[in-house]
Amino acid sequence: MKAKPTLGSHVVLRDLEGAQKVFLLSSGANRQELRMGKYSAIPLETLLSCPYGAILRREADGGWQRVRHSIEVAEETVEVQENNQHLAQDNSAQSLSPSEVRDLKQKCSGSEVVEALASNSATFASKTKFAQEKYLKKKAQKHVQQVTLLRPSVMELCETYYKQSRNKVCGLRYDYLSSLLCQADVRSGARFLVLDCAAGLVAGAMAQQLAGLGEIYRLFRGSYPEKGLLELDLSESEKSCVRAIHLEALESSDPWSSEWLRLPEAPGDAEGEAIAPGRAEARLTRITKRHNDFKSLEAKAVDGLIVVAEDADLCAEVLELGLPRLSFGGRVCVFGHHLQPLAALQGAWRAGNFVDVRLTQLFTREFQALPLRTHPFMVADANLCEGFILCGSKVGEAEPQEAAGEDSPTKKQRRS
Amino acid sequence: MKAKPTLGSHVVLRDLEGAQKVFLLSSGANRQELRMGKYSAIPLETLLSCPYGAILRREADGGWQRVRHSIEVAEETVEVQENNQHLAQDNSAQSLSPSEVRDLKQKCSGSEVVEALASNSATFASKTKFAQEKYLKKKAQKHVQQVTLLRPSVMELCETYYKQSRNKVCGLRYDYLSSLLCQADVRSGARFLVLDCAAGLVAGAMAQQLAGLGEIYRLFRGSYPEKGLLELDLSESEKSCVRAIHLEALESSDPWSSEWLRLPEAPGDAEGEAIAPGRAEARLTRITKRHNDFKSLEAKAVDGLIVVAEDADLCAEVLELGLPRLSFGGRVCVFGHHLQPLAALQGAWRAGNFVDVRLTQLFTREFQALPLRTHPFMVADANLCEGFILCGSKVGEAEPQEAAGEDSPTKKQRRS
Amino acid sequence: MSLTKHPSVGEFLAGCEEHVNPYRPARLALCPMAADAEISDVSTSDTAREGDFVILWGSYTQIFGIVLKHGEIANNRFGNFHHDEIIGRHFGSRVRSRRGGLWLALLRPSPEFITQSLTHRTQIVYHADISLLRALLDARPGHIICEAGTGSGSVSASLSRALRPNGKLYTFEFHEERQKQAMADFSTYGVLDVVVSQHRDVCNHGFGEELKGQVHGVFLDLPAPWAAVPHVTKCLVFGGKVVAFSPCVEQVDKTATELRRSGYFDVRMLETLATNWGVKRQDATKKKRRTEGTTGTTAAQEAEEEEPKDVPKTSGTGEQWLSYQMPMRSHTGYLLVATRAPDGD
Amino acid sequence: MSLTKHPSVGEFLAGCEEHVNPYRPARLALCPMAADAEISDVSTSDTAREGDFVILWGSYTQIFGIVLKHGEIANNRFGNFHHDEIIGRHFGSRVRSRRGGLWLALLRPSPEFITQSLTHRTQIVYHADISLLRALLDARPGHIICEAGTGSGSVSASLSRALRPNGKLYTFEFHEERQKQAMADFSTYGVLDVVVSQHRDVCNHGFGEELKGQVHGVFLDLPAPWAAVPHVTKCLVFGGKVVAFSPCVEQVDKTATELRRSGYFDVRMLETLATNWGVKRQDATKKKRRTEGTTGTTAAQEAEEEEPKDVPKTSGTGEQWLSYQMPMRSHTGYLLVATRAPDGD
């Protein structure tokens, strides 16, 4: 576990309002400006000098400086009864004019601006400590530019993507993602088939768990989103487990003649003439890898099948192709947003060749855990339990067989 | 609001384990023994001398005595770290033998037995106050006979029935029942159509809200459960709002010739000969009331339609008959346990003549609110949000009409 | 005030409140129990009349409460709606803006709709909590209930519905501006026959001598409900219930302890959340995959998308519908309920 | 011990634990990082072998973990199952009792199934919490995680799966009997290549000098997690995460305060609950009411009730299924997570 981000790796930055964004730390051609929202850009060198978890704050001179974590929370031993009887608009209590504030912002650091605002507020001193804390936090969000460096872990990336756009990860929240991995018993040394429409984060999280041992056959049609796979900073060994498989090859009665697997024709061909020898070779390497990947998939049943897709059609198609390739005793896990199709699968599986069929929702809430103020966060439009996970274990009898010794694991036959 | 139960009224008794039961306080022929589980029977006079909320405890002499509420809860200012490092089975710590305990129970009151057990426990004194409280509570449940008198309110009856058997009230928990009444805007002066398979508790709760003004047409086929209606101790005026309507009459193309509404034939009839004149008269009165009730229903659309039924068939039938009788602007509320049929209705209503169509679950949890030990109750098989409420407001255009003055409310036409 | 149909002693007194010392001892009169009177206001009339407070429903989040006045126009994102074209219409009608196109549904102002029309106000109490506290308080006609504080009036509107006829809701608000606003709203809603609104800090000044031992239930929505407990005990009948609504666990803890010390029993803490389901039609392209015949259903589907029938088919199955869980409120507050011990305890 | 396939330094040390002073300073050795070794145990083999710990699945509540031994018989409510008839079968097989009739499914011992087979033990941590804490701790191969206390070993089993290969779980239990039981279980599960189990009170004696600054994540399931925080700080790497599981709000409050004081940031409190859905076929009598043709569907239905096809139709729609919410656990505990501030803070 690296303590610091390094050149070529990724980092998640979070601003004071909780917005998160992933950055590639690169000095090369694909250099990305390290800029959160309206903040000024952070110099790459400054960031590279800080460990994960560090806080960088923009100072009055425009530079970014590392600051220490402070104890964030007001504590009061005597409970103060908050009294909003004499509510007044905050603005009337502020003796600094907007133009004075603007001037301050030019000359001072953000935290100095916040201090000035507090000391020029007629009501600040009379507020309870809790209310003062709330006030300072609100003002800091407006005037202070500050980021926290976060490690690009599965959890952090999942939250980042989810916050940016739920669609990016098919609405797959971190708790659902983690539950999927556990339900499918994703483990080092095993073989998995996955449809991952959640930015490649599912396949990436699986690759981390496999740690170079086992296979992940990632199905796709059309797009092959890799954001999650890339931004997790996987090692080469971790990455090597993930193999792309075009659905076309699986569904075809003659996979070897499918577009995706077809070998490039001889260079002398009419169409192939324009292709440079180098490109042709690259193409050959690519197709050869596809051949190997496809052969390796078809050689043996998989231990788990995971499906995360918004498109119900695609989901059904993958199940149709994937379930016959699932080993007996293997797990299948499907994430979706609509109850009826999953309930129908649930019913059919229970009546059919599956046991331990479960359709589950996760109801996960985050709390404000502050002294004397503990309660679940109050959000009007929370997606507390929006998705469903359907999982089960496949049972059934393989072809008749001799009693198998310890060293000759039974070769299972896929049904097709 | 009566302070005490009276002869002829009902009371809910709750024992120390939380079991609840409803009793009719009667000295007459329908006299019911006031006995909770394995407790000895409580004399009627003792019970009648106590206000609701009182506690009765069985004393050593076998008699029942009112005891005061005690402050139930241990409080500790210094948090004690519970330590289960040296767990031991409770029995080994108890120096009283089972036969000694049996003897004690013969001679002493239950609370004396509990005291003896605590003082003869080798570990009791060394327990934390929290643990002592837990110990005493557990022993009291076993050895003390004690009941609390509760008022037969809608809430109390609903919890009582639900605890006894969820089926009794169609799994309608108190929060769902209350939500139904609010969603349907059940109010004094309005007219409602209801299918209540929840022991008559829905109709009873509605009658309490109407307080003698307005009508509740309670549909039925076959059984007409009245437990809830009776045990709420409704006043005559409250009861008078509830009118039974046989579904047969509603669905018939010629209701007046339906079995339920058919007038008794002349006494000279072949079949009628055996009927005593008194019985015939009673029957005539009964049928006449039915006529009036049915006419009154058909005279004007209803303001609300509430359906609580386990049987999806019956539910669908009532909606088919009830929705045309629902006034424009009227509310319909359906409680059910299965999502798919309600979702189908929801879709159809939204696409059709309804607005504000909502399908809701209520996630209601009860907490242990004890100092330093606050958490939701831990139940392995909790029915936290098991049912669904579907509701909506009917919209549409009535027949063309003159501009209506304040004193001539438009007569709405039912569609049939 | 001209909109109110049932002026009462309580209303009269409440109407005076704006002009008197907010912290003088209360001069509330208990309302005499009226003989069973016919209720004939907007809650039971068939048509919307001049002066009525009515609801125009546009969508789940666009719900407007307006008072109908000849010559006036309601403007909202759906267009301009002339009151004159609404007055006289029966409830349930679709009313259209002059520019045509969009329609709003004309509905009766149920407490539910009133709550929903107030969603722009901060910190209102919502349906799940309101319906639950109505049950916990056993709110019903003839009962007397106290509420502190009034807040947006969302709970008051619902309780007033539950207490009518012959019941009374005394509601107290310590923030003066907010009490005035609530008072005006109650007048608009036409609930002043049931609701008495006062500007008062009950934690310091109690519920008033007149209510001593008269109240069947008390609802507390205050930052420090524990501070009101001694005053609650003064006004609550033996065996009556008190319900406190608090967002934080620690507030509940403290109030629970105070209630137990003050001789209350059955102290229970609850949390309720409403989860809402959305539904959408499975689109035709998806359905092609199904092996069962699709032609019949698609036709039925298309028919449903045309001018909807008056009475939707109630016997439909889940076939063509997809349900999904909608975003919800993650927390509103905890409800704490307790019963005052009976006389003699 | 004979069942274990991968004895390791940790296992050796842990095995000694039973005979030494429970509170002596720890002598744990950090495991050397093994080169990428092929994993070939029950988690990846195709068939059940003599000595394997396997799962027999009977129903949602009847899940049995057994160690296969020639000549032995597993007795349960479904009948008597001879190990000799199980050994050599591939996973996913239906194994039948001698008396015939009922079958159990032979499955691999995933951590999930291990947890479910432990439901008779009190206070075990369940799936939703386990999977969440795995994510919060970023448990993955190569990482070192500490757990206190071990309890039923339900969490340990899942963490060991997540850490394999090359990772290590140090798990501590202060109740001696329970630690012995857990130790035996870990041996049975065959996870002693990853798990080191010790009898120790970490609140008083810490996690041991050997782990100082070496641990990537700590999971606390203790009555007073706040008391362990200073010890956590000693062993946790900068930027590492600590997760505490507590049933009561007050425990979380106190731990959160302690963590903030001790220089942890991103202190977050979570609760997760799993809600399960049941499904049943809409019975034929109900379906008669539907206007759509019923004959075709009923035939399809009946077909499905016969010998089930190998691969169920995945394209079915919700038509004939009724979903209902099943009873659920109303509360397990709160998860509190915090990150240790980085070096220099």
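Answer rounded, prolate or oblate for the range A:90-144, using the Cα gyration tensor with square roots of eigenvalues a ≥ b ≥ c: rounded when a/c is under 1.5, else prolate when a/b is larger than b/c, else oblate.
Cα axes put the range A:90-144 in the oblate bin.
Given B:Gln65, B:Ser26, B:Val357, which one lies farthest toward the positive end of the charge dipole of chain B, if we put +1 on the Cβ of every Lys and Arg and -1 on the Cβ of every Asp and Glu?
It is B:Gln65, whose Cα lies furthest towards the positive end.
Going by the alpha-carbon gyration tensor, a ≥ b ≥ c the square roots of its eigenvalues, is the range A:10-69 rounded (a/c under 1.5) or, if a/c is not under 1.5, prolate (a/b greater than b/c) versus oblate?
Verdict is rounded for the range A:10-69.
With viscosity set to 0.692 mPa s and temperature to 37 °C, compute the Stokes-Einstein D of the range A:154-394, Rh being the Kirkwood radius across alpha carbon pairs; µm²/s, no decimals.
For these conditions, the coefficient is 170 µm²/s.
What distance in nm separates the two pseudo spin-label positions at B:Ala380 and A:Lys2, each 7 Å out from Cα along the beta-carbon direction?
4.7
Assuming R0 = 60 Å, can you tell me the calculated FRET efficiency for the pair A:Thr285 and A:Ser40, based on Cβ-Cβ distance, to the nearest 0.05?
According to the calculation, E is roughly 0.85.
Measure nothing fancy, just the Cα-based angle from helix A:201-210's long axis to the longest principal axis of chain A, in degrees from 0 to 90, nearest 10.
Its long axis makes an angle of about 70 degrees.
When Lys and Arg each count +1 and Asp and Glu each count -1, what net charge do the other residues less than 12 Å away from D:Ser262, Cβ to Cβ, add up to?
+2
Starting from the Cα gyration tensor of the range D:53-108, take the square roots of the eigenvalues, sort them a ≥ b ≥ c, and report rounded, prolate or oblate (rounded when a/c is under 1.5, otherwise prolate if a/b is larger than b/c, else oblate).
Taking the square roots of the gyration eigenvalues as a ≥ b ≥ c, the range D:53-108 is rounded.
Arrange the following residues from fewest to most other Cβ atoms within 10 Å of their Cβ: B:Val379, B:Val154, C:Val194.
Least to most surrounded, the residues fall as B:Val379, B:Val154, C:Val194.
With axes computed from alpha carbons, what is the tilt in degrees of helix B:129-143 against the longest principal axis of chain B, rounded to the nearest 10 within 0 to 90?
70
Full extension from A:Glu17 to A:Glu298: what is 0.36 nm times the residue separation minus their Cα-Cα distance, to one decimal in nm?
Once the chain is fully extended between A:Glu17 and A:Glu298, it gains 96.3 nm.
Which distance in nm do the two modelled labels at A:Leu263 and D:Arg99 give, with both placed 7 Å along the Cα-to-Cβ direction?
Each label point lies 7 Å from its Cα, and together they span 6.2 nm.
Find every distance from the label point of B:Thr123 to the corresponding label point in the other copies (7 Å from Cα along Cα→Cβ) and write them in nm, one decimal, shortest first.
Going from nearest to farthest copy, the values are 5.6 nm.
So how tilted is helix A:154-164 from the main axis of chain A? Cα-based, degrees 0 to 90, rounded to 10.
Value to nearest ten degrees: 70.
At what distance in nm do the modelled label points of B:Leu48 and B:Leu96 sit from each other, each positioned 7 Å from its Cα along Cα→Cβ?
Taking the two extended label points, one gets 3.7 nm.
Pairs B:Lys137/D:Lys254; A:Lys134/C:Lys254; A:Lys295/D:Lys168; A:Lys139/A:Lys163; B:Lys239/C:Lys168; B:Lys21/B:Lys137: which exceed 25 Å Cα-Cα?
Going by Cα-Cα distance, B:Lys137/D:Lys254; A:Lys295/D:Lys168 fall outside the 25 Å limit.
Any idea what the relative contact order of the range A:154-394 is, in percent, if you count C-alpha pairs under 8 Å spaced at least 6 apart?
Relative contact order, the range A:154-394: 18 percent.
Residue by residue through D:255-268, how many Cβ atoms from other chains fall within 10 Å of the Cβ on average?
4
If amide hydrogens are placed 1.01 Å from N in the peptide plane, which non-local residues have theirs closer than 5 Å to the one on D:Glu147?
Here D:Tyr170, D:Thr171, D:Phe172, D:Phe219 satisfy the definition.
Considering just Cα atoms, how many Å³ per residue does the convex hull of chain A enclose?
Cα convex hull per residue, to the nearest whole number: 220 Å³.
For chain A, can you list the cysteines whose C-beta has no other cysteine C-beta under 4.7 Å from it?
Lone cysteines by the Cβ rule: A:Cys50, A:Cys108, A:Cys158, A:Cys170, A:Cys182, A:Cys197, A:Cys241, A:Cys315, A:Cys385.
Express the relative contact order of chain A as a whole percentage, based on alpha carbon pairs under 8 Å and six or more residues apart in sequence.
13
Every read-out reported here was derived from the displayed coordinates using simple, explicitly stated rules and does not represent laboratory data. If you're wondering where the values come from, they're calculated on a predicted model, not measured in any experiment. No Cβ is skipped: glycine too gets one built from the backbone with ideal geometry, and neighbour counts run over all protein chains shown.
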